[in-house]
Amino acid sequence: MSSGGGQEAEALSLPSAGPWRALRASYELGKPSLSLLVVLTGVLGFSLGPASFDLARLLWLSLGLYATSAGAAGMNMVLEEGSDLRMLRTRGRPVPSGRISANAALVFSLLLFFVGFGLLFAFVNPLTAGLAHLTGALYVLVYTPMKKLGPVAIWVGAIPGALPPVMGFTASEGTISWPALALFLVLYFWQFPHFLALAWMYREDYLRGGFDFFGGQEHAERNVVRTMIGMTVSLVLASLSLTALGEAGLVYAAVALLAGAWFGRAVLRLHADRTVQHARRVFFASITYLPILLLALVLDRALA
């Protein structure tokens, strides 16, 4: 009991060891690359809304999305402290490395999440705030504990990962409609080849942390690649649905088709040669594909 209190006091007094160290630990706690992606896809959803452009609302949306995402990421890190400590790629994170205690991280993350929720509720609209709350709850309370159950967690975890563009759309329009759902499907399907490629690259490391995203089956790799192929095809179809709905033009459709074919080629090469090297190529193709697709959509609408 006294030992835990001492650790908490030490973590809460991090500024005495250097304010930059405490600031950096707090920043990393919110998984900034993930939180920035949440903001970017939310802004994209906002730009698809038919309502007149409102810069102030967009800024409040961005702040609220970042705060709720960073808060949820911090809570996830607290819950996965033991697993992160056993994994080589995550043991340097703020909580498992001891740069901030789990108790201090939890308090900070909860405050950050509810500040973000409050900003969205007060300055955007209740629907967007409600979706942010749902996203955080699914990510922290459902997906995080389900990761120990194997591949089924990915199907659930992709839902909160795909909701930010919907929140952006509701921030602009105030309702959920087909364009928002199309963007949701794009982000939902994209996460499967992206995450499964990452899980392939760090398969042994994930197993050390207690996560088996391949299911331990005899033909696990083949089944994983088949899932990636199916989701990549679904991704391309979902991306083209934005043109079918009248939300994007033929220029975007051409880019979406070409980028999808290029991405699909990387996945098919993994199917032919199931190695870590090809999984890594799929992963880097995924993080290249998404910005290309989103940029094409923004430019297409700007030129329309």
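Restricted to region 116-126, and to residues there that are hydrophobic (A, V, I, L, M, F, W, C) and within 20 Å of the chain's Cα centre (by Cα), the residue that is surrounded by the fewest Cβ atoms within 10 Å (Cβ to Cβ) is Phe117.
Yes/no matrix, rows are residues, columns are (1) modelled with pLDDT under 95; (2) in the same structural domain as Val276 (by TED's automatic domain parsing); (3) crowded, with 18+ Cβ neighbours inside 10 Å:
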| site | (1), (2), (3) |
| --- | --- |
| Pro164 | no, no, yes |
| Val186 | no, yes, yes |
| Phe195 | no, yes, yes |
| Gly210 | yes, yes, no |
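Every test in (1) in a helix (DSSP H, G or I); (2) among the hydrophobic types (A, V, I, L, M, F, W, C); (3) closer than 19 Å to Gly136 by Cα is passed by Ile176 save one, and that test is (1).
Restricting the search to region 84-101, which residues are in a helix (DSSP H, G or I) and surrounded by fewer than 20 Cβ atoms within 10 Å (Cβ to Cβ)?
Leu85, Arg86
In the list Leu187, Leu181, which residue meets the criterion of being touching a residue at least 24 places away in the same chain (Cβ under 8 Å) and either in a helix (DSSP H, G or I) or among the aromatic types (Phe, Trp, Tyr) (or both)? First the steps, then the outcome.
Working: Leu181 fails: touching a residue at least 24 places away in the same chain (Cβ under 8 Å).
Result of the check over Leu187, Leu181: Leu187.
Give the residue that is farthest from Pro126 (Cα to Cα), with candidates limited to residues of region 43-83 that are of a type in the set (A, V, I, L, M, F, W, C) and not in a helix (DSSP H, G or I). My answer is Phe53.
The single condition among (1) within 22 Å of Met201 (Cβ to Cβ); (2) in a helix (DSSP H, G or I) that Arg274 does not satisfy is (2). Look at region 249-263: where a residue is over 16 Å from Ile229 (Cβ atoms) and modelled with pLDDT under 95 and a partner is among the aliphatic types (A, V, I, L, M) and outside any helix (DSSP H, G or I), sitting 6+ places away or on another chain with Cβ atoms under 8 Å, you get Gly249/Ala304. Do we have any residue at all in region 285-303 that's at pLDDT 95 or above, more than 18 Å from Leu40 (Cβ to Cβ) and among the aromatic types (Phe, Trp, Tyr)? For region 285-303, residues at pLDDT 95 or above, more than 18 Å from Leu40 (Cβ to Cβ) and among the aromatic types (Phe, Trp, Tyr): absent. Scanning region 204-225 for residues that are touching a residue at least 24 places away in the same chain (Cβ under 8 Å) and either aromatic (Phe, Trp, Tyr) or not in a loop (DSSP other than H, G, I, E, B) (or both) yields Asp205, Tyr206, Arg208, Phe211, Phe213, Phe214, Glu221, Arg222, Val224, Val225.
Looking across Trp200, Trp190, one residue alone is closer than 17 Å to Trp262 by Cα, of a type outside the set (Ser, Thr, Tyr) and surrounded by 15 or more Cβ atoms within 10 Å (Cβ to Cβ). It is Trp190.
Please tell me if Thr144 is modelled with pLDDT of 95 or more and surrounded by fewer than 24 Cβ atoms within 10 Å (Cβ to Cβ).
Values: modelled with pLDDT of 95 or more: yes; surrounded by fewer than 24 Cβ atoms within 10 Å (Cβ to Cβ): yes.
When the stated conditions are applied, Thr144 passes them.
Kindly indicate which of Val276, Val255, Val251 is of a type in the set (Val, Ile, Thr) and closer than 29 Å to Arg222 by Cβ.
Only one candidate passes the filter, namely Val276.
Residues in region 243-271 that are touching a Pro at 6+ places or on another chain (Cβ under 7 Å) and part of a helix (DSSP H, G or I): 1 in all.
The values are calculated or read from the model by the stated rules, or taken from the named source; none is laboratory data. As the structure is a prediction and not an experimental result, all values here were calculated from the model. Please note: Cβ atoms are built from the backbone with ideal geometry, for glycine as well, and neighbour counts cover all protein chains shown.
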